[in-house]
Amino acid sequence: MTASKPHRVIITDCDHGSIAPEQEILGGIAEIELHQQNDEAGLLSFCLDADGIITQYGRFSRRVLKALRRCKVICRYGVGVDTVDLAAATECGIIVAFVPDYCTDEVSNHAAALILALHRHLFPLDRGVKAGNWNFRLAVPTARLTEQTVGIVGLGRIGGMLAAKLRGFGMTLQATDPYLRDWPDWVRRVSLDELLATSDIVSLHCPLTDKTHHLIDAAALRKMKPSAYLVNTARGGVVDPEAILQALREKWIAGAALDVQEVEPMPGGHPLAGLDNVILAPHAGWYSEGSIVELKRKVATSVRRALEGQIPAAVANPEVLNRAPWAGVR
């Protein structure tokens, strides 16, 4: 470690290809090491003396966090921070930073595309034509889009942008969000139970927390219309995997589009893959070339700010700012 680069930054794992943006922003103040290991044993082997950590899928348990000797900041490549024990990080004086706004457009577009694909029966029609069945009746029944009600669970950045985009289609929009203060007057505010019972399409945009884990369980799916669709571009753990499988098999609901799974990657031969009433994607909603660059630059900037004694733009555990070494830093 040279005097001009007093810090050590570990990138635990990254499937984005080059780390040139991170090196550009951090190279002047830190030695950067890229690993491709995110299990507990790996994190304990190479993160102990890191000043800053960047991670994609690394699971920072209390045990790992307590073992870190001088870490000031952990920043996730992404919006969710459910892979980091926030309470333990706060106890250790470690800022957990994240990037809440790098893929808002991409994910809301992805959700809108899945909603339209489900509503217009695009995948059954595609399969039919490819099999030599030129028959519009593969899309029966299809209601007019303007007659449909979309229920959005979580009206934050992504859910709010989705609502704005769907507004142009003339659909009825309703949402549930216990934390949103500034409510748009063109979105009907309802409880989760009412949203499930009255929506033709339910789109999930809430974070994965203890309160939202398996929020959509068998009881919730039973409340939905048999003609309704479920779209999940949030986190796989928001939906009970056994319940959604049973709901699709037994036609409690008409279908689903799932960009995320509770266990990722989805294991080969998963029973969901054999169903015709589900669209599956490999957690791709966030992706565009532009979003990758923005994500990497914002992650590196957050780590640099923390290493220089400043507060990153987005902190998932703000209580840490009342603890050493951050108390009094603004």
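The values are calculated or read from the model by the stated rules, or taken from the named source; none is laboratory data. Note that this is a predicted model, so its numbers are computed, not measured. All Cβ positions, even for glycine, are placed from backbone atoms using ideal geometry, and neighbour counts span all protein chains on display.
Listed values, structure above:
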| quantity | calculated |
| --- | --- |
| Matching residues in the range 78-101 - criterion: being touching a strand residue (DSSP E or B) at 6+ places or on another chain (Cβ under 7 Å), in contact (Cβ under 8 Å) with a residue 40 or more places away in the chain and either part of a loop (DSSP other than H, G, I, E, B) or buried (at least 23 other Cβ atoms within 10 Å of the Cβ) (or both) | Val81, Val84, Ala89, Ile94, Ile95, Val96, Ala97, Phe98 |
| First in the range 286-305 and more than 30 Å from Ala113 (Cα to Cα), second anywhere and in a helix (DSSP H, G or I), Cβ under 6 Å, 6 or more apart | Ala300/Glu22; Ala300/Ile25; Ala300/Leu26; Thr301/Ile25; Arg304/Ile25; Arg304/Leu26 |
| Matching residues, the range 221-249, being out of contact with any strand residue (DSSP E or B) (no Cβ under 9 Å at 6 or more places or on another chain) and closer than 18 Å to Val150 by Cα | Arg222, Lys223, Lys225, Pro226, Ser227 |
| Pairs with Cβ under 8 Å, 6+ apart, first in the range 185-197 and in the same structural domain as Ala164 (by TED's automatic domain parsing) and touching a residue at least 40 places away in the same chain (Cβ under 8 Å), second polar (S, T, N, Q) and crowded, with 16+ Cβ neighbours inside 10 Å | Leu195/Gln174; Leu195/Thr176 |
